[in-house]
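The values are calculated or read from the model by the stated rules, or taken from the named source; none is laboratory data. Bear in mind that the values here come from a model prediction, so they are computed numbers and not experimental data. In this analysis, Cβ positions are derived from the backbone assuming ideal geometry, glycine residues included, and neighbour counts consider all displayed protein chains.
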Amino acid sequence: MVAKVERKQRDFLWSGVGEGKKDHLVRWEAVCKPRVKGGLGIGKIPLRNRALLGKWLWRFPRESTSLWHQVILSIYGTRSNGWDANTVEDLWWGDQILKDQYPRLYRVVMDKNIPISSILGSPHPFSWNFNFRRNLTDSEIEDLECLMHSLDCMNLSTSALDARSWSLLSSGLFTVKSFFTALSQMPDSSPFFPTKFVWKSQVPFKVKAFVWLVAHKKLNTNDLLQLRRPHKAFSPDICKLCMEQGESADHLFLHCSVTLGLWHKLFQLAKMDWVPPKSILDMMFINYKGFGKSKRGVILWQNASIALIWVVWRERNVRIFEDKARNSGNLWDSIHFLASFWAFCSAAYLLQELAGIIKLSAYSSFSLFECRKIITGSKSPDPGSEEYIGLDDNKYIGDLLAEFKAAKDRSKGEILHCKLIFKKKLFRESDESVADPMFVQLSYVQLQHDYILGNYPVGRDDAAQLSALQILIEIGFIDCPESCTDWTSLLERFLPRQIAITRAKRDWESDILSRYHLMEHLTKDDARQQFLRILRTLPYGNSVFFSVRKIDDPIGLLPGRIILGINKRGVHFFRPVPKEYLHSAELRDIMQFGSSNTAVFFKMRVAGVLHIFQFETKQGEEICVALQTHINDVMLRRYSKARSTASGSMNGDSSSNVKPPSVEVYEKRVQDLSKALEESQKNAIRVSSLDY
């Protein structure tokens with residue numbers, strides 16, 4: 001039975017469920033070893049079974065009033081406590097019973113079943129009354145002296161009840177883990193393993209498992225494939241990166257000319273000189289202080305090294321199976337991004353440490369275009385003022401943080417702290433097809449932050465569904481989440497205040513709870529993707545966001561700075577604006593674009609009143625061109641769709657030659673739009689003379 005279960009464990013570890021049989025890359029004996037010995041800590045089933053049974057041995061004397069204790073006691077009998085233990089045949093002192101430690105004394109002792117309580121004499125100090133059936137010889141006297149000397153070290157209290165203590169832990173309490181670890185101890189014959197580098201690194205677990213295989217040199221590199229499948233392996237076993245030498249783990253991850261160039265870039269970034277070691281395993285053992293000796297510096301160095309190994313392996317696979325290749329610059333950008341992202345997600349690492357090392361270009365795949373500075377005062381109950389800051393790819397985050405620190409020092413305690421919150425354009429249509437867990441995670445964190453702040457208001461049904469998904473992501477699926485001590489705080493955290501006040505708290509709780517119970521089949525990753533999918537179906541989905549400044553507001557309700565989002569559904573206003581302005585405009589309400597020597601602006605009808613807005617970013621002119629193109633494209637597509645629908649209906653009814661009213665409206669709208677675009681350039685000079 002044990003062999004069958006272990007075979008299923010092996011197959012599941014290497015092949016998963018329903019994925020066919022795959023190679024078992026590492027021997028099962030090595031996999032079962034503890035992590036410090038190079039294994040995964042799975043352990044042998046017989047040893048784990050013994051450790052679990054040991055828990056009942058520990059509980060038996062501690063649960064003397066329970067029914068199962070009484071049943072076993074009536075069948076087998078047992079001594080009630082340690083004072084009744086056999087002095088010479090039970091283990092009550094040291095690592096061996098006295099019978100085995102002193103066999104010569106055991107042969108001459110008069111009562112071999114005497115309990116401990118019967119041989120104790122006066123307690124101050126304790127005396128031990130051993131009765132022997134004859135006088136002792138010289139050698140037996142020496143054994144007795146040794147025994148008495150060891151017993152003098154004991155601290156006994158006859159007034160206290162006897163209690164068991166677990167010697168493997170300082171707490172004295174039994175744990176299955178400690179017992180299993182003790183049973184799994186083996187001679188230290190296995191080679192050293194870089195446990196800290198592999199398992200203490202702040203990277204995803206999938207990447208840790210990959211590095212574990214690299215440390216064992218058990219990846220399916222060409223040299224190993226020649227041994228495992230000589231009839232299917234590549235011949236010759238050339239490295240696909242350098243196309244110069246044979247491929248092995250040490251060559252691919254260390255000595256290959258492409259990989260070696262990436263290692264040189266990393267050490268140049270750390271301002272260190274180095275000599276490549278003999279093997280990649282030696283590279284993991286060497287304790288480089290590339291980014292300092294602090295905990296955060298060590299984490300960043302480990303992340304950068306692992307990211308390099310991970311990117312090289314993925315590039316090797318892409319070149320083999322997809323016949324595509326990237327240059328060293330693109331590979332270095334990927335390493336840069338992964339190292340910074342993993343470090344940023346770790347609990348021990350803050351943005352300040354990352355600032356002077358990682359440039360903003362590392363976040364280019366997320367289209368970073370602005371950040372928000374929040375300053376909180378120490379004496380004011382106000383949550384903090386906000387200011388939008390435009391950034392470009394040549395600016396370091398460290399520059400802004402240095403400005404913050406200087407401002408905080410000058411304030412002499414008036415400023416409590418400053419922080420940056422980055423805004424990313426995550427509402428692209430291509431995002432839906434992206435399955436990268438890191439991208440999904442970062443997208444979810446950003447959108448959850450904006451949603452909870454009320455930037456994206458939703459209806460009750462969507463709000464309840466989004467809250468249930470967020471709770472599932474936070475605590476996983478449990479049978480009775482309402483019994484969780486943090487249940488109330490979870491509802492308050494994940495339900496925006498603007499929507500929470502529209503309904504009784506009890507109604508919200510029952511609605512969210514019922515939705516949560518229907519999500520039993522979802523994993524946390526599935527819940528994150530559903531969260532993103534729901535947000536993208538809302539009116540602001542697939543929007544491009546940018547900040548603008550109010551120039552002319554006849555009604556007087558808009559704040560000085562606001563965020564606009566534009567997509568094919570219309571123009572969407574986000575907090576901080578009054579509720580009646582949210583999602584209040586359509587694309588046709590954008591009337592005119594213009595520019596002056598100092599600003600780029602546009603006119604838009606809001607709630608029937610003409611407003612003027614100025615772009616906050618330096619790319620105002622590019623945004624104007626993009627918006628004009630976007631609006632024309634959307635309008636023409638609407639017209640084409642309406643026209644095709646109308647023509648289809650007319651083909652079905654040949655007796656009617658009259659155009660539907662909707663087509664005439666759209667044709668007139670397109671003509672007006674074209675005239676407006678032509679006049680916008682002519683009126684740019686006149687509009688630019690407006691008095692702001």
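Here the range 30-58 is the region considered, the condition is being part of a helix (DSSP H, G or I) and closer than 16 Å to Phe192 by Cα, and the residue that is nearest to the chain's Cα centre (by Cα) is Arg35. Which members of the range 312-337 meet the condition of being part of a helix (DSSP H, G or I) and without any contact (Cβ under 8 Å) to a residue 40 or more places away in the chain? Listed by number, the residues that qualify are Arg314, Asn317, Val318, Phe321, Gly329, Asn330, Asp333, Ser334, His336, Phe337. The sole residue among Ser201, Ser190, Ser171, Ser178 that is in a loop (DSSP other than H, G, I, E, B), of a type outside the set (Asp, Glu), at pLDDT 85 or above and under 33 Å from the mean Cα position of the chain (by Cα) is Ser201.
The requirement of being charged (D, E, K, R), at pLDDT below 85 and under 23 Å from Leu254 (Cα atoms) is satisfied by Asp333.
Within the range 88-116, no residue that is on the phi > 0 side of the Ramachandran plot sits with its Cβ atom under 7 Å from a residue that is in a loop (DSSP other than H, G, I, E, B) at 6+ positions apart or across chains.
Taking the criterion of being among the hydroxyl-bearing types (Ser, Thr, Tyr) and modelled with pLDDT of 80 or more, the residues of the range 460-509 that qualify are Ser467, Ser489. The set of residues in the range 255-275 being surrounded by 15 or more Cβ atoms within 10 Å (Cβ to Cβ) and outside any helix (DSSP H, G or I) consists of Cys256, Ala270, Trp274. In the set Leu338, Leu252, only one residue is buried (at least 21 other Cβ atoms within 10 Å of the Cβ), out of contact with any His (no Cβ under 9 Å at 6 or more places or on another chain) and within 30 Å of Leu227 (Cα to Cα); that residue is Leu252. Is there a residue in the range 226-236 that is in a helix (DSSP H, G or I), crowded, with 17+ Cβ neighbours inside 10 Å and in the same structural domain as Asp333 (by TED's automatic domain parsing)? Within the range 226-236, one or more residues are in a helix (DSSP H, G or I), crowded, with 17+ Cβ neighbours inside 10 Å and in the same structural domain as Asp333 (by TED's automatic domain parsing).
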